[in-house]
Amino acid sequence: MSHAAKPVGRFGFAGMEPTSAHLHRLSALLTLILLIMGFSLMAQSFFTVNNAMTVLLQTSVIGLLGLGLTMVILTGGIDLSVGSVLALSGVISAMAVKAGVPVAPAMSLGVLAGAACGAFNGFVITKMRIPPFVATLGMMLIARGLALQLTGAAPISRLGESFGRLGNGALFRVIEMQPNGFPRVIFPGIPYPAILLLVTAIAVAYLLRRRQIGRHIYATGSNEEAARLSGVRVDHVKLYAYTMSGALAGLAGNVLMSRLVTAQPSEGVMYELDAIAAAVIGGASLSGGIGTVTGTMIGAFIIGILRNGLNMAGVSAFIQQIVIGLVVIGAVWLDQVRNRQ
Amino acid sequence: MSQTPLVEMIDIEKHFGGVRAVDHVSLNLYPGEVVGVLGHNGAGKSCLMRILSGAMIPNGGEIRVQGRAVQFSEPNDARAAGIETIYQTLALADHLDAVANLFLGRELKTRFGNLDEARMYAATKDVLARLNPNFKNLRDRVSSLSGGQRQVIAIARAIYFDTKVLIMDEPTAALGPSETAMVADLIRQLRAEGIGIFLVSHDMHDVFELCDRVVVMNKGRVVGAHRIDEVDKDDVLSLIVKGELPADWSARNLAEAPA
């Protein structure tokens, strides 16, 4: 049996993206384009560089959460705790800053706290054999309670300008000083959160496609027993996915709190549902084994653009909920119809 | 057979609560030998095979591979010792393709630790071509393949990695006639290569055509272990159903022996 490396034409995706998933993503992408076109006609200020950057900024938090959830959902699990973990991580970073820790290590501490919450989820699921829904529901309450208890339910403000840099800074921002002394923004720049999202998305895609752990994540969600019998350490894989989800929730929490330059212990309520919706709209299957980073990113942008565009069109927040709810159901329904064919 | 057995299972025991699934069973397998493991559902044969494949940990007893005592706490341990299993369910990850399934749990990596898709693809192509020259869908997810093709992948996975012992659990139950013939040919070929095979089957035709010995289990115990030329189908059925040979067996065998 030859181990000789022969170049082959088509490799790398390892069949994880069969035609139906391709189709789903294509239709999601089409939906996204239609949304952009529709909103551009409805509101003049929608299709502008400024607004595009705003959408990028708004989507980055849901996008980061969605990336973590994609990994968890691929294993056949679910993580309901990311909204609360996001809040707890932001609070811990802010408390560290208040305690005199410089911003970068303080934020790392927050991300670590998120990873620890995720690892706890993974432990409860794999060692105590608690179903993911219940385990992460518990963590959702625990992390939220911790965040509120640590802060006495009061926001932590006056964190300093450097705390706000991650959430409010931008690359290539072009500002012109006007004669009257006020600055004029020529190009708002690419927000740091958007760059962070892009880098993270590429990293997660790389993990899922090119690394053994990614292959094992797909295998675990596809057929857990088969994966186990094939020598995949299923518990290890799950622990990894939940820890990553927690860490990414921590990262998202730091982005969000940095943007507000305030740590809000009550932030991020129901964000987990937006993140799950992003993954599902992007073609991820809640029964595991199917889903891609690109799909989830498209899903996150569909939600982000819907929110932003409906806002610009003056649609109330209540109606927005209804619309997004219908989109989630519609996306999954389309997928079901396609699979039945 | 004077050579060292490939596998010795000595006094293996497994119980679930008060139920003795495997009750002090001892069993040997020699190189180039096909041993049929028979018994009705719940007789303990699957349990015994799962213990040998590392998927189940026994409560007592010893396993030796080529004379060396081993302990399997997970399937990877058994695979490392050269024991491969083809499960009745095939144990394939449906959303992955043939290449990913063949190397699942044992992925080849590049120097940088990335998945070495080129090498895995080439190797899969080689081994599948040996089993079924018509196999072209290496990059299709295996859920879209036919039962025969899925079986070929499961077999390819079991024979690719320096296999000494092969456990086949109902390998032909889901196959059509031509595919069954292919599996039978393969078993003969592997036997000729010196691989030892445990064949778990309900199919008497397969058993009598392929096996050198049969071992019959009933209620967790081995109730009969015979060379295939010592017994006929009725004898084996009697062992499976009643747990004993027909009353006239020894008389018949003595009478036949001189001839």
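We did not get these values from a lab; they are worked out from the coordinates using the rules stated. None of the values given here were measured: they were computed from a predicted structure. With ideal geometry, Cβ positions are generated from the backbone for all residues, glycine too; neighbour counts draw on all protein chains shown.
Quick notes on this structure:
- Only one of the numbered conditions (1) surrounded by fewer than 23 Cβ atoms within 10 Å (Cβ to Cβ); (2) touching a helix residue (DSSP H, G or I) at 6+ places or on another chain (Cβ under 8 Å) is violated by A:G299, and that is (1).
- The helices (runs of 4 or more DSSP H) falling completely within the stretch A:146-225 that include 1 or more residues that are aliphatic (A, V, I, L, M), away from chain B (no Cβ under 14 Å) and within 30 Å of B:L92 (Cα to Cα) map to A:192-210.
- Boolean, A:I324 is touching a Leu at 6+ places or on another chain (Cβ under 8 Å), surrounded by fewer than 16 Cβ atoms within 10 Å (Cβ to Cβ) and assigned to a helix (DSSP H, G or I): no
- One residue stands out in the stretch B:1-18 among those that are among the β-branched types (V, I, T) and under 11 Å from B:Q66 (Cα atoms): the one that is surrounded by the most Cβ atoms within 10 Å (Cβ to Cβ), namely B:V7.
- When B:A43, B:A21, B:A69 are screened for being surrounded by fewer than 20 Cβ atoms within 10 Å (Cβ to Cβ), over 24 Å from B:R188 (Cα atoms) and over 15 Å from the mean Cα position of the chain (by Cα), only B:A69 passes.
- Residues of the stretch A:226-247 satisfying the condition of being β-branched (V, I, T), surrounded by 24 or more Cβ atoms within 10 Å (Cβ to Cβ) and assigned to a helix (DSSP H, G or I): A:V237
- Top-ranked residue of the stretch B:72-100 - restricted to ones that are in a strand (DSSP E or B) and not β-branched (V, I, T), ranked as nearest to the other protein chains (Cβ to nearest Cβ): B:D97
- Scanning the stretch B:1-58 for residues that are in a strand (DSSP E or B), closer than 16 Å to B:G196 by Cα and in contact (Cβ under 8 Å) with a residue 40 or more places away in the chain yields B:V7, B:E8, B:M9, B:L27, B:L29, B:V34, B:V35, B:G36, B:V37.
- Scope the stretch B:128-157; condition part of a helix (DSSP H, G or I) and either surrounded by fewer than 16 Cβ atoms within 10 Å (Cβ to Cβ) or within 11 Å of chain A (Cβ to nearest Cβ) (or both); matching residues: B:A129, B:R130, B:V142, B:S143, B:S144, B:G147, B:A154, B:A156, B:R157
Here's the yes/no breakdown for (1) over 24 Å from B:R106 (Cβ atoms); (2) not charged (D, E, K, R):
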| residue | (1), (2) |
| --- | --- |
| B:G147 | yes, yes |
| B:I155 | no, yes |
| B:K164 | no, no |
| B:S178 | yes, yes |
| B:V215 | yes, yes |
| B:R227 | yes, no |
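- Filtered residues of the stretch B:101-127 (kept if under 22 Å from the mean Cα position of the chain (by Cα) and either under 22 Å from A:V234 (Cβ atoms) or facing another protein chain (nearest Cβ under 8 Å) (or both)): B:N101, B:L102, B:F103, B:L104, B:G105, B:R106, B:V127
- Any hit, the stretch A:193-203, residues being over 25 Å from A:G299 (Cβ atoms), surrounded by 17 or more Cβ atoms within 10 Å (Cβ to Cβ) and in contact (Cβ under 8 Å) with a residue 40 or more places away in the chain: no
- Counting the residues of the stretch B:172-198 that are surrounded by 15 or more Cβ atoms within 10 Å (Cβ to Cβ) and not in a loop (DSSP other than H, G, I, E, B) gives 12.
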